[in-house]
Amino acid sequence: MGWWLARTLAALLFVALGGLAGVVAGSLLKAPTLGVAVGMMLAVGLLVLRDSLLGQSLMDWLRGPLSSAAPRDTGFWGELGYRVDRTLRTRELAVRHEREQLAQFLSAIEASPNGVMMLDANDQIEWCNSVGAEHFGLDPERDHLQPITNLVRTPAFVAHLQADRFDEPVVFSGPLGRSTLSVLVRSYGEGKKLVLSQDITERERNEAMRRDFVANVSHEIRTPLTVLAGFVETLDQLPLSEVERKRVLSLMDKQTQRMQALVGDLLTLAKLEGSPRPAADRWVAVAGLLEQAQRDAVALSAGRHVIEVEGGDDAEVAGSESELFSAVANLLNNAVRYTPEGGRVRLLWQWQADGGAELVVIDTGIGIAREHIGRLTERFYRVDGSRSRDTGGTGLGLSIVKHVAQRHGGSIDVQSELGKGSRFALSLPALRVRRRRKAAALAA
């Protein structure tokens, strides 16, 4: 039975009872018709009063915070209150679910490595994640609903935003010129815009380094090739004496060796950058590395320098023997090349207090000015290009040393002063070095 049928029957029953009571009262007062009318009217009045009270209770609940349940009653008002309460709770759950989804969505955007900013139809900031705020130098709370063109006044960005053609991203410098941004704008909704920003500073720097690298390699290889081509033409077209021919062949051999050294260093760098880090369970005796590096340096010096090696007899390094030898040999050979005849070069192994160690090369050479030290490990960077070529350097040695150090968890430190020599230290962490006595004990 529906609430409407129950309500109708209850009203009829109520009126009938009122009429019956009026008949009894009218009989006693000898006015039965009047008694019936008065009784029915009183019954209807009581019924209306009850309905009004129940309706008022529901209205009071609707005017309140709706935190409690709706008034529970039988009949029409109880059914109405129940349905209103259920509809409100269902709507509240749906809104809460949508808010949670929105919060998760914004949280996901916040975690994005790229900047995201939402603009309304008037180009005012509706929302911005922290990366986007950093890219544009904004404060998400302070700058909320501020026109973006009032805050980001870079002409390229403003013109791109106002042109309303967003097929390609626009690239410009970030705040204070410390970064380079690539910004992509997309329209959505009714006149709204989504601004996506990406910091491409590192990419631009790598691209510039790649261009410089290609240019430097081309230049370094073209120079000896030009010399060789000239000598070949000379041998082919000019009658040379035996002495002149030997001199030309000697110079050709020197240029060939220069190209071979350059190609060898390039292949070494490519291998270092393209292979996984050396294993930490392959131990290499330091004494053997230092001894071989000393022999090569003595051959390069040809008796013009005093070359000393100290320490390392009890040490082992975990890593690649070929890479470590390449780093030590580059440091030692550089010291020989840039130390005048009669100078002193020392190759030291030094244990550190934290359990790590250093491979140190100290020379009494010409030294390096302070402004050059920070760039020494860049590829092809030379303090004096003409002297580097005269000494047979390729400009890649210290870059190789840096890569080897990093691949073994270490670093390279340079200290130098003009006219007083230099100190190059390749530091290795404690996890990569050990004393041979401890190694033997572990094996036993």
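The values are calculated or read from the model by the stated rules, or taken from the named source; none is laboratory data. Quick caveat: nothing in here was measured; it's all calculated off a predicted structure. Backbone-built Cβ (ideal geometry, glycine too); neighbour counts: all protein chains shown. Accessible surface areas use protein heavy atoms only, side chains included; no ligands, DNA or RNA. Shrake-Rupley method; radii C 1.70, N 1.55, O 1.52, S 1.80 Å.
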Can you give me the number of residues within the range 267-292 that are surrounded by 18 or more Cβ atoms within 10 Å (Cβ to Cβ) and among the aliphatic types (A, V, I, L, M)?
5
Does T234 satisfy the condition of being of a type in the set (S, T, N, Q), surrounded by fewer than 18 Cβ atoms within 10 Å (Cβ to Cβ) and over 27 Å from T377 (Cα atoms)?
yes
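Residues checked against (1) assigned to a helix (DSSP H, G or I); (2) within 20 Å of Y188 (Cβ to Cβ); (3) modelled with pLDDT under 85:
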| residue | (1), (2), (3) |
| --- | --- |
| R86 | yes, no, yes |
| R91 | yes, no, yes |
| E100 | yes, no, yes |
| F105 | yes, yes, yes |
| M117 | no, yes, no |
| N122 | no, yes, no |
| E134 | yes, no, no |
| T149 | yes, yes, no |
| R153 | no, no, no |
Take residues that are in contact with a helix residue (DSSP H, G or I) (Cβ under 6 Å, 6 or more places away or on another chain) and surrounded by 13 or more Cβ atoms within 10 Å (Cβ to Cβ) and tell me which of the strands (runs of 3 or more DSSP E) falling wholly in the range 159-231 contain 3 or more.
none
Please identify the pairs in which a residue from the range 104-120 that is free of Cβ contacts under 8 Å to residues at least 12 places away in the same chain and closer than 17 Å to F136 by Cα has its Cβ atom under 6 Å from the Cβ atom of a residue that is hydroxyl-bearing (S, T, Y) and open to solvent by 40 Å² or more (accessible area, probe 1.4 Å), counting only partners at least 6 apart or on another chain.
none
Return the pairs, sorted by first residue and then second, in which the second residue is open to solvent by less than 20 Å² (accessible area, probe 1.4 Å) and assigned to a helix (DSSP H, G or I), the first residue lies in the range 398-419 and is free of Cβ contacts under 8 Å to residues at least 60 places away in the same chain, the beta carbons are less than 7 Å apart, and the residues are 6+ apart or on different chains.
S411/A405; I412/V401; I412/A405
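Condition check ((1) farther than 22 Å from I109 by Cβ; (2) among the β-branched types (V, I, T); (3) in contact (Cβ under 8 Å) with a residue 24 or more places away in the chain) across all residues:
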| position | (1), (2), (3) |
| --- | --- |
| V171 | yes, yes, yes |
| P175 | no, no, yes |
| S179 | no, no, yes |
| S182 | no, no, no |
| E190 | no, no, yes |
| N206 | yes, no, no |
| R210 | yes, no, no |
Which ranges mark the helices (runs of 4 or more DSSP H) fully within the range 328-444 that have 1 or more residues being at pLDDT 90 or above and open to solvent by less than 10 Å² (accessible area, probe 1.4 Å)?
397-407
Within the range 166-191, track down each residue that is out of contact with any Lys or Arg (no Cβ under 8 Å at 6 or more places or on another chain) and either under 16 Å from N129 (Cβ atoms) or hydrophobic (A, V, I, L, M, F, W, C) (or both).
V170, V171, F172, G174, L176, L181, V183, L184
Criterion: farther than 19 Å from V183 by Cβ, open to solvent by 60 Å² or more (accessible area, probe 1.4 Å) and out of contact with any strand residue (DSSP E or B) (no Cβ under 6 Å at 6 or more places or on another chain) - qualifying residue of L102, L151
L102
Among the residues in the range 255-274, are any in contact with an Asp or Glu (Cβ under 6 Å, 6 or more places away or on another chain) and modelled with pLDDT under 80?
yes
If a residue has to be assigned to a strand (DSSP E or B) and either among the basic types (K, R) or open to solvent by 10 Å² or more (accessible area, probe 1.4 Å) (or both) to count, how many in the range 306-327 make the cut?
6
L240 - would you say it is over 16 Å from L262 (Cα atoms), open to solvent by less than 60 Å² (accessible area, probe 1.4 Å) and touching a Phe, Trp or Tyr at 6+ places or on another chain (Cβ under 7 Å)?
no
